[in-house]
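Down below is the structure, laid out as structure tokens.
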Amino acid sequence: MKAEHRHELKTNELAEWLSNLPQWAKENITIIIVIAAVIIGGAAVYILVSFSKKTVADEQLEFTGLLNQLSSSKMQVLGAQAQGRDLSFVLLQPANSLGTFAQNAKSDQMAALALIKQAETLRTELHYRPGTISQEDFVSQINQAKAAYTEAIQTRLRGTSNPSLMAAAEFGLGLCEEELGNFEKAQQIYQIIAANPDFEGTVAVTQAKHRLETMSDYKQKVIFKPAPAPPVASKPTIQPPFLSATADKGAADANLAIQIKPVDSNLPAETKTQEN
């Protein structure tokens, strides 16, 4: 069969199918609607999953950047301390950034981790400050850390299955209570962590048990005795040569004038007169 004839037959078949399409569509309208809905739904799910993956990836990248900023800030503070400067306030910037990230994060677990890191940073900033911290500032900042730990537990981790983050947040609350001097409340928190079977195998359990064993050591305030002042070295007295020689000659003459023999001092007075 020639190619032109085959092409003519196909054209006739297509024309016939198009002419019957309205009637076929009318008879199979339900099937068409179902197929269209499946196609549209599949496309929507694909777009949503792709967008969700991109969002999570973007959040992971942002969170990694915040952790790197926190690490750099700690190194900057420690380097300044070695030079006698106080830059502990530098840590407040990554702490605020972590809090903002947690409020906007789509992932609950990533937001909870950001809140835990924010609380840890707030507490670390206090420990890095040299000198005396006012009680008002100390209590205010520790309460901010407690609020971050609490939000992680009650808002982001409730209903999730991440025992490591939950235990870490609970342990952080115990540290806050301990730093505020509420040792009995801190002890209760540590006991709950250690006894919770869901937390078994987490780092927080080991830490809580250690704090329970050593908490009595932290209840007493340690006051270090101030170091003694270094002795002041006296400067040697330098005399001019002529004065030194004169002083030495005078001292020698004085010794000759008052020198008494040990034996003579024990002789009777008569013996001394005869010898003289």
Q | Matching option when the condition is among the hydrophobic types (A, V, I, L, M, F, W, C) and modelled with pLDDT of 95 or more, among ALA227, ALA204 | A | ALA204
**Q.** Enumeration of residues in segment 161-217 that are outside any helix (DSSP H, G or I), closer than 22 Å to GLN118 by Cβ and of a type in the set (Ser, Thr, Tyr)
**A.** THR202
Q: May I ask you to say which residue of ASP198, ASP217 is touching a Pro at 6+ places or on another chain (Cβ under 6 Å) and either in contact (Cβ under 8 Å) with a residue 24 or more places away in the chain or more than 30 Å from GLY79 (Cβ to Cβ) (or both)?
A: ASP198
Q) Only one of ILE142, ILE133 is in contact with a helix residue (DSSP H, G or I) (Cβ under 9 Å, 6 or more places away or on another chain), within 30 Å of ASP86 (Cβ to Cβ), without any contact (Cβ under 8 Å) to a residue 24 or more places away in the chain and β-branched (Val, Ile, Thr); which? A) ILE133
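If you check ARG123 against the conditions, is it among the basic types (Lys, Arg) and part of a loop (DSSP other than H, G, I, E, B)?
Taking the combined requirement at face value, the residue does not satisfy it.
The values are calculated or read from the model by the stated rules, or taken from the named source; none is laboratory data. Please read these numbers as outputs of a predicted model, since none were measured by experiment. Here the Cβ is made from the backbone with ideal geometry for all residues, glycine too, and neighbour counts use every protein chain on show.
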